[in-house]
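The values are calculated or read from the model by the stated rules, or taken from the named source; none is laboratory data. Predicted, not measured: the structure shown is a model, and the values here were computed from it. Every residue, glycine as well, gets a Cβ built from its backbone with ideal geometry; the counts of neighbours run over all protein chains shown.
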């Protein structure tokens, strides 16, 4: 590190080439241009076709800043902290690049919000299109799975198949990764088995996904709820799956592999499966006609009541609030909404817990005739856009920075050779 500082100091007063800048920063040349695009470095095009050059003092300052912040993670107690410009959660609200996420989801489509998250720019009316060859490969892979396979099984296999079909997957430049995001997400949706004979493979992503979640004919209000749910769930800071994505991206795994890491983390019952539990609970409440015995059964079994409380929101989950408001306009959602309210009211007698987004998703899935796993599918498809955003952000950082040190607590050496 000191050698790098000395080298940078020796370059004061002159311009550095892209190669020299990359070496001093400890990054790849393409990452240097990612710094430029994000305003962290300025470049100057040199005459005689020598390419771009960079001010040595500016490069040295960025190198110092990266080292001070570790370019990476720091820890306070047992909490891992990672610098990000994507999502802020603060006082029962959350923001995408500084803009209230619920306001974005109320106005813009899922694809438009994804573009905002990736680039900081809006592309009104944008829709994502999957290449036919990629879809064909992904569908064959998914169709070969056992019939009982879950949604994350299918999505993960589809992502791996799409990666194998893309010879350019190892191109980690920003434009290439953006292209991957714009084609991978619709490929994942298209690879899911359709439940309607008139399913769509064009138009807004929410319309295409609907026919993979239920055989019912959608109305405009229901499609709006699904599209809004996708937009609200795009990202949520460093959830377990997102951290897995950033670890993979830190090792410079390609974007498909990073998304696969996120899908793998979703398999855990503590992250992606919460809406499934809430779905089954609401069906039980509707079957019994009251929430009291259902809540009692959950507590008697030593389980938390699904769909209630969130450790990041002491008050109401803003995502749930936004979805419940839209579900009021869906006539078929009335019974499930009443059941959800019964659960909240019953539990509130002993614990002041608010509904979270999993309970709102469960109202959507129950009232739309979807399976218990549908909420997990919505969550995974939506969050893929956020994972791409974090992958892009991580590629601009120092490689392999996600490498914490282990604290060994085993037997102290030397120990005798085992027999």
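Looking at 393, 376, which one is surrounded by 19 or more Cβ atoms within 10 Å (Cβ to Cβ) and either farther than 30 Å from residue 325 by Cα or more than 18 Å from the chain's Cα centre (by Cα) (or both)?
From the options 393, 376, the qualifying one is 393.
Limited to the stretch 1-22, what total is found for residues that are in a helix (DSSP H, G or I) and modelled with pLDDT of 85 or more?
Matching residues across the stretch 1-22 total 5.
Give the residues of the stretch 178-200 that are touching a residue at least 60 places away in the same chain (Cβ under 8 Å) and surrounded by fewer than 22 Cβ atoms within 10 Å (Cβ to Cβ), sorted by residue number.
First, the residues of the stretch 178-200 that are touching a residue at least 60 places away in the same chain (Cβ under 8 Å): 178, 180-181, 184-185, 188-190, 192.
Answer for the stretch 178-200, where residues must be touching a residue at least 60 places away in the same chain (Cβ under 8 Å) and surrounded by fewer than 22 Cβ atoms within 10 Å (Cβ to Cβ): just 178.
Out of all the residues in the stretch 187-202, is one or more under 20 Å from the mean Cα position of the chain (by Cα) and closer than 30 Å to residue 397 by Cα?
yes
Quick one: would you say residue 409 is more than 30 Å from residue 288 (Cβ to Cβ) and outside the structural domain of residue 263 (by TED's automatic domain parsing)?
Yes; evaluated as a whole, the condition is true for this residue.
Which of the numbered conditions does residue 85 fail, given that it passes all the others? Conditions: (1) surrounded by 13 or more Cβ atoms within 10 Å (Cβ to Cβ); (2) more than 20 Å from residue 226 (Cα to Cα); (3) modelled with pLDDT of 90 or more; (4) not assigned by TED's automatic domain parsing to the domain that holds residue 255.
Among (1) surrounded by 13 or more Cβ atoms within 10 Å (Cβ to Cβ); (2) more than 20 Å from residue 226 (Cα to Cα); (3) modelled with pLDDT of 90 or more; (4) not assigned by TED's automatic domain parsing to the domain that holds residue 255, residue 85 violates only (1).
Quick check, is residue 283 modelled with pLDDT under 95, surrounded by fewer than 22 Cβ atoms within 10 Å (Cβ to Cβ) and assigned by TED's automatic domain parsing to the domain that holds residue 329?
no
Suppose the filter is outside any helix (DSSP H, G or I) and either under 23 Å from the mean Cα position of the chain (by Cα) or closer than 24 Å to residue 272 by Cα (or both); does residue 407 pass it?
no
Are there any pairs with C-beta distances below 9 angstrom linking a residue in the stretch 303-316 that is in the same structural domain as residue 372 (by TED's automatic domain parsing) to a residue that is modelled with pLDDT under 90 and outside any loop (DSSP other than H, G, I, E, B), with the two at least 6 apart or on different chains, and if so which?
306/274; 307/274
Could you list, in sequence order, the residues of the stretch 110-133 that are assigned to a loop (DSSP other than H, G, I, E, B), surrounded by fewer than 21 Cβ atoms within 10 Å (Cβ to Cβ) and in contact (Cβ under 8 Å) with a residue 24 or more places away in the chain?
Scanning the stretch 110-133 gives 127, 128, 129, 131.
With (1) within 18 Å of the chain's Cα centre (by Cα); (2) outside any helix (DSSP H, G or I); (3) modelled with pLDDT of 95 or more as the list, and residue 290 as the residue in question, which single condition is left unmet?
Every listed condition holds for residue 290 apart from (1).
Give the stretch 219-259 a look and list any residue that's under 18 Å from residue 369 (Cα atoms) and surrounded by fewer than 21 Cβ atoms within 10 Å (Cβ to Cβ), or say none.
The answer is 219, 220, 221, 223, 224.
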